[in-house]
1. What percentage of the solvent-accessible surface of the stretch 92-154, computed with a 1.4 Å probe over protein heavy atoms, is contributed by carbon and sulfur atoms?
2. Using the Karplus curve 6.51 cos²θ - 1.76 cosθ + 1.60 with θ = phi - 60°, what ³J(HN,Hα) values do you get for each residue of the stretch 194-206, in whole Hz, with x for Gly and Pro?
3. Amide H of GLY254 versus every other amide H placed in the peptide plane: which residues, excluding those fewer than 5 positions away on the same chain, fall under 5 Å?
4. Go through 188-194, 82-88 and give me the packing order, highest mean Cβ count within 10 Å leading.
5. Please list 3J(HN,Hα) in residue order for the stretch 93-106, calculated via the Karplus relation 6.51 cos²θ - 1.76 cosθ + 1.60 where θ = phi - 60°; whole Hz, with x for glycine and proline.
6. With a 1.4 Å probe and every protein chain kept in, tell me what percent of the accessible surface of the stretch 187-300 is carbon plus sulfur.
7. Among the lysines, which have Cα under 28 Å from the Cα of LYS112 when same-chain residues fewer than 8 positions away are ignored?
8. By its C-alpha gyration tensor, with a ≥ b ≥ c as the square roots of the eigenvalues, how is the stretch 89-198 shaped: rounded for a/c under 1.5, else prolate for a/b larger than b/c, else oblate?
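The values are calculated or read from the model by the stated rules, or taken from the named source; none is laboratory data. Remember, predicted model here, so these are calculated numbers, not experimental data. We place every Cβ from the backbone using ideal geometry, glycine too, and count neighbours over all the protein chains shown. Remember, those area values only see protein heavy atoms, side chains included, never the ligands or the DNA or RNA. Shrake-Rupley method; radii C 1.70, N 1.55, O 1.52, S 1.80 Å.
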Amino acid sequence: PMAVGRRMQTRAGGAGVGLRPRSRRMASGWLTLGLLALALVPVTGDDSWVSDEERARLCDGRAHPFPPHSARGVRWLHVPKTGTSFMNTVWHYACKLPPAASASDFTTMYEKRFAERYPPRAHCNFMLDHTPATHKPIGDFEWQAHKGSFVTMLRKPAARLVSAFRHGKHCIQDCSPETSQVPQCVKVREARRHYKCKPMREARNAREYAAKPGARGCTARMILGRACNEPVELKANETALALSMLLDGFAFVGLIEEWNLSICLFHRILGGSPRPQEFTAVRVNKKATGMLQRRPELLTALRDPPDEVLYAAARTRFQAQVRSVLAALGPPMMRPAGGSVDSRH
């Protein structure tokens, strides 16, 4: 508890210290009600907020060239089951690689094999504190040093839970050595922490899996510096802190439901042109996809309040950033009577 308190004070700048006890309790109560209200609103798949023409325009590097590489370092927070394929974007942005290098060059252990072929120390000048092939959360010291440089992909929480269940009842206990938490994390991934996964491994179905301690709130926990599936339930004020960090400390937050648009937005924000392999999926969980197609009700039945708060905010920000980029690109080009695009400016 003391370690968590230190983390919250460091990351929130001591917010709320000046409030009297009763005021703090009232503020906490209102915050809890607000977060719960937001979490109980299902996230829909409506994509009518942007037209197909606007999607194409944002990704059209010929008509609207992507900005040059920003030379900003990035730290990828890889939330489990949110797109291993995003490594193609992160690595090509942060490293000097052969143009065709891709995660699809391998059939398993994609990033581990990729890092063996292209060691980050030798190839990646813009990759910050990355531990390949893990799901390392954000450490205190990382946050202080690299706030504003984090990038991630998020996924609808219910879909992420189903995918995790169908992928061997996924349970991640990776920790961050760059932290002041107690007990101290010595190594990102260690087998000795796997005992915490026993309850999740015993789940007989997706509903049971989602109800196990540590299943919900994976994204929020990782932002706060804990393991994805650490069997500790998050409090409302912790979810609020994770939300604040997501909005204030991340250079980019994409959505796997908007994959192509996310890749294009990444490059509109951080620069460089996307490569073809960034738009491909190297590992598709067909079991999870099939399960959601057969039982679409799971998307509303499996609730994950902490991560739903984060996803809803990320989606709102994502849409606002797309709108902002489109406005900066200017109006769409006129089409003459012949139907071809007039590329003159």
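1. 53
2. 5, 4, 5, 8, 3, x, 5, 5, 8, 4, 9, 8, 5
3. THR152, MET153, LEU154
4. 82-88, 188-194
5. Taking θ as phi minus 60°, the curve returns 6, 8, 10, 8, 10, x, x, 8, 4, 8, 4, 6, 5, 10 Hz for the stretch 93-106.
6. Working: 2680 of 5160 Å².
Ligands and nucleic acids excluded, carbon and sulfur give 52 percent.
7. Of all the lysines, those that pass the test against LYS112 - Cα under 28 Å, at least 8 places apart if same chain - are LYS81, LYS96, LYS136, LYS147, LYS156, LYS169, LYS187, LYS196, LYS198, LYS286, LYS287.
8. Numbers: a/c = 1.65, a/b = 1.18, b/c = 1.39.
Note, shape of the stretch 89-198 comes out oblate.
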